[in-house]
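The values are calculated or read from the model by the stated rules, or taken from the named source; none is laboratory data. Please read these numbers as outputs of a predicted model, since none were measured by experiment. All Cβ positions, glycine included, derive from the backbone under ideal geometry; neighbour counts span all protein chains shown. When the accessible area is computed, the model is the full protein with side chains, heavy atoms only, and any ligands, DNA or RNA have been set aside. Shrake-Rupley method; radii C 1.70, N 1.55, O 1.52, S 1.80 Å.
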Amino acid sequence: MILGQIVLLAGVATIAVYFLKHRQKTVAKALKKIALLCFLLISVLTIIFPNILSQVASFLGIGRGADLLLYGLALVVLFQLFNNYMKDREYKYETAKIIRKLAILEADRENGRKQGR
Amino acid sequence: MPDTVFLIPAYNESSAIVEVIHNIPEEFDVVCVDDGSKDDTAAVINGTRAQLVRHCINLGQGAALQTAIDYALQDEDYDYFVTFDADGQHRIEDVRSMIDVMKSRDVDIVLGSRFLDDTSNVPALKRAILKLAVRFSNTTSGLHLTDTHNGLRVMNRHAAESMKLRMPDFSHASEIVTRIQELNLKYEEIPVTIIYSDYSRSKGQSVLNAINIAFDVIFNKVVGP
């Protein structure tokens with residue numbers, strides 16, 4: 001197996017473990033921010049020194065720098081997909097709790113009036 | 001004061017819900033949750049003796065059921081909580097025999113099953129999918145049920161208090177099974193007859209929903225609630 005494959009598999013595994021273990025904890029929030037900073041830093045570096053990408057790519061045995069970029073973005077998309085799905089689920093549940101509370105408050109008032117309680 | 005309350009989640013059911021409520025004998029109370037219907041379901045329910053609880057937006061059947069449970073639990077006179085579909089596919093005599101089981105035996109939840117006898121005329125494709133769902137559910141939960149997606153159930157107060165459903169849509173049926181397993185609720189299945197009318201067929205969930213439910217069950221197993 002070439003080095004690049006190992007690195008990419010490790011990336012996918014990290015994302016999986018992240019969502020299974022660390023979700024919503026302080027560690028996770030901090031990790032996300034560090035990852036974002038790294039992403040920004042790498043973006044700036046590769047814009048200023050475009051050759052870095054190709055050099056890293058050939059070191060990892062991936063080939064062109066553009067391929068490395070593609071794989072990197074695929075990992076980012078995967079992470080983003082998971083992250084949004086989990087967030088969406090959480091928000092839906094929170095919304096349901098609010099709507100439920102509101103519905104019950106309203107019903108207590110209305111039905112109490114109807115039955116003279 | 002009745003000790004039994006019917007919990008009916010309703011979404012766009014204005015054409016059938018009145019008859020369903022009228023067919024429920026006075027000895028039972030009724031709580032109806034209008035799940036943000038686009039038609040006049042809420043107004044129609046308001047004209048009946050049922051207690052109306054209204055979601056201002058549509059959340060899904062599971063969420064509506066949990067709202068009905070929470071609302072009914074506030075009344076301490078209720079000992080038995082009946083989950084009942086709004087499309088008129090359940091029979092009152094089945095509810096009576098389920099409550100009898102509940103009263104005579106030490107169980108927390110009585111589940112209706114279409115497959116313990118052959119009285120329900122389940123359409124062929126639906127039958128195949130449901131059987132598959134049952135096998136899937138029994139494998140993931142370790143329980144031995146014959147019909148996991150039947151809307152007719154009777155719970156005692158303990159079971160009702162422990163439900164706390166999170167899945168907003170049709171996956172709540174699997175979630176109820178999960179709760180039974182997690183909390184070691186004592187359960188029993190009773191044969192019931194489902195009346196498949198043209199109306200209930202048109203309102204029934206698509207068989208493709210099985211994929212959504214299976215996904216939710218596996219996802220919850222792996223990631224947690």
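Is there a residue being open to solvent by less than 30 Å² (accessible area, probe 1.4 Å), at the interface with chain A (Cβ under 10 Å from one of its Cβ atoms), in a helix (DSSP H, G or I) and within 20 Å of B:ASP169 (Cβ to Cβ) anywhere in the stretch B:27-46?
no
I need a count of the residues in the stretch B:159-171 that are without any contact (Cβ under 8 Å) to a residue 60 or more places away in the chain and within 25 Å of B:ILE92 (Cβ to Cβ).
Total meeting the criteria: 0.
Quick check, is A:ARG23 among the basic types (Lys, Arg), surrounded by 13 or more Cβ atoms within 10 Å (Cβ to Cβ) and at pLDDT 90 or above?
No; evaluated as a whole, the condition is false for this residue.
Working only within the stretch B:73-120, note down all residues that are crowded, with 20+ Cβ neighbours inside 10 Å, closer than 30 Å to A:GLU106 by Cα and of a type in the set (Gly, Ala, Ser).
Answer for the stretch B:73-120, where residues must be crowded, with 20+ Cβ neighbours inside 10 Å, closer than 30 Å to A:GLU106 by Cα and of a type in the set (Gly, Ala, Ser): just B:ALA86.
I need a count of the residues in the stretch B:85-137 that are small (Gly, Ala, Ser) and under 20 Å from B:PHE170 (Cα atoms).
Start the filter on the stretch B:85-137 by keeping residues that are small (Gly, Ala, Ser), which leaves B:86, B:88, B:97, B:104, B:112-113, B:120, B:124, B:128, B:133, B:137.
Checking which are under 20 Å from B:PHE170 (Cα atoms) leaves us with B:86, B:88, B:112-113, B:128, B:133, B:137.
Number satisfying all stated conditions: 7.
Restricting to the stretch B:47-72, and then to whatever is open to solvent by less than 10 Å² (accessible area, probe 1.4 Å) and more than 16 Å from B:LYS164 (Cα to Cα), can you tell me which residue is farthest from the other protein chains (Cβ to nearest Cβ)?
Among them, the one singled out is B:ALA50.
Would a scan of the stretch A:82-95 turn up a residue that is open to solvent by 80 Å² or more (accessible area, probe 1.4 Å) and more than 16 Å from the chain's Cα centre (by Cα)?
yes
Can you tell me how many residues within the stretch B:115-158 are without any contact (Cβ under 8 Å) to a residue 40 or more places away in the chain and of a type in the set (Asp, Glu)?
The qualifying residues number 1.
Here's a check for you: in the stretch A:73-82, which residue that is out of contact with any Leu (no Cβ under 9 Å at 6 or more places or on another chain) and in contact (Cβ under 8 Å) with a residue 12 or more places away in the chain is nearest to the other protein chains (Cβ to nearest Cβ)?
A:PHE82
Would you list the helices (runs of 4 or more DSSP H) that sit entirely within the stretch B:121-210 and hold 3 or more residues that are open to solvent by 50 Å² or more (accessible area, probe 1.4 Å) and out of contact with any strand residue (DSSP E or B) (no Cβ under 9 Å at 6 or more places or on another chain)? If you could, list the steps in order and put the result at the bottom.
Working: elements: B:124-141, B:157-163, B:172-182, B:198-203.
Ranges flagged: B:124-141, B:198-203.
Is it fair to say A:LEU68 is under 25 Å from A:LEU9 (Cα atoms), in contact with a Gly (Cβ under 6 Å, 6 or more places away or on another chain), touching a residue at least 12 places away in the same chain (Cβ under 8 Å) and part of a helix (DSSP H, G or I)? Walk me through how you get there before you give the answer.
Values: under 25 Å from A:LEU9 (Cα atoms): yes; in contact with a Gly (Cβ under 6 Å, 6 or more places away or on another chain): no; touching a residue at least 12 places away in the same chain (Cβ under 8 Å): yes; part of a helix (DSSP H, G or I): yes.
For A:LEU68, the condition - under 25 Å from A:LEU9 (Cα atoms), in contact with a Gly (Cβ under 6 Å, 6 or more places away or on another chain), touching a residue at least 12 places away in the same chain (Cβ under 8 Å) and part of a helix (DSSP H, G or I) - is not met.
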